[in-house]
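Working notes, structure below.
The values are calculated or read from the model by the stated rules, or taken from the named source; none is laboratory data. Note that this is a predicted model, so its numbers are computed, not measured. Neighbour counts are summed over all protein chains in view; Cβ atoms, including those assigned to glycine, are modelled from backbone coordinates with ideal geometry. Keep in mind that these areas ignore ligands, DNA and RNA; they rest on the heavy atoms of the full protein, side chains included. Shrake-Rupley method; radii C 1.70, N 1.55, O 1.52, S 1.80 Å.
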Amino acid sequence: MSVHSNGILLFRFRNEKLEVMLVHPGGPFWAKKDYGVWSIPKGLPEGHEIPLDTAKREFKEETGFEVDGEFIDLGELNQSRKKIVHTWALEKDLDITNVVSNTFPLEWPKNSGKVHEYPEVDRAGWFDIELAKKKIRKEQIGFIDKLMGIINYSQKEEHLDKEKRYRQTTLF
């Protein structure tokens, strides 16, 4: 049986370039890892929660920010044999310097008997598409590609007339 996870991929435009917001997993195992470990803020539903509500709740838990607006359904991708991730995109510009995440207990070092609290997310970042595709988990790259297709954005056409492209980002 598959586990379903739901997330939100924020995007914005800076100097005519598309950027996406990703989060870095917290805890000692991920502390020195960078490429291929960042993720879309996401998580598991509670009870009979509606998937988009799960995505919004998880976004708030992992970043400290509530988000709402015109969500773009990016569909589902298999992250592993047993995990399916459903993601929505939202155009919104956030100041990520104030990201605050929920925490989880972990025995570290393993078998030491010492349990510490670690943030689920230790930082967030805005990345242009080229760098985002290097930083994000490879199973989630497809969400960036889907977003680019839906908003008619191409890395090679970054100087497209604004009228022909999706709307511009405004700071909230």
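Of all residues in the range 17-35, those that are of a type in the set (Ser, Thr, Tyr) have Cβ atoms under 7 Å from Cβ atoms of residues that are open to solvent by 10 Å² or more (accessible area, probe 1.4 Å) and modelled with pLDDT of 95 or more, 6 or more apart or on another chain, in Tyr35/Lys134; Tyr35/Lys135.
Under the condition of being open to solvent by 90 Å² or more (accessible area, probe 1.4 Å), closer than 22 Å to Lys60 by Cβ and in a loop (DSSP other than H, G, I, E, B), the residues counted in the range 81-119 number 1. The condition (being at pLDDT 95 or above, more than 26 Å from Ile129 (Cβ to Cβ) and open to solvent by 20 Å² or more (accessible area, probe 1.4 Å)) is satisfied by just one residue among Asp73, Asp53, Asp68: Asp53.
Against the numbered list (1) within 26 Å of Val3 (Cβ to Cβ); (2) open to solvent by 30 Å² or more (accessible area, probe 1.4 Å); (3) assigned to a helix (DSSP H, G or I), Asp122 comes up short only at (3).
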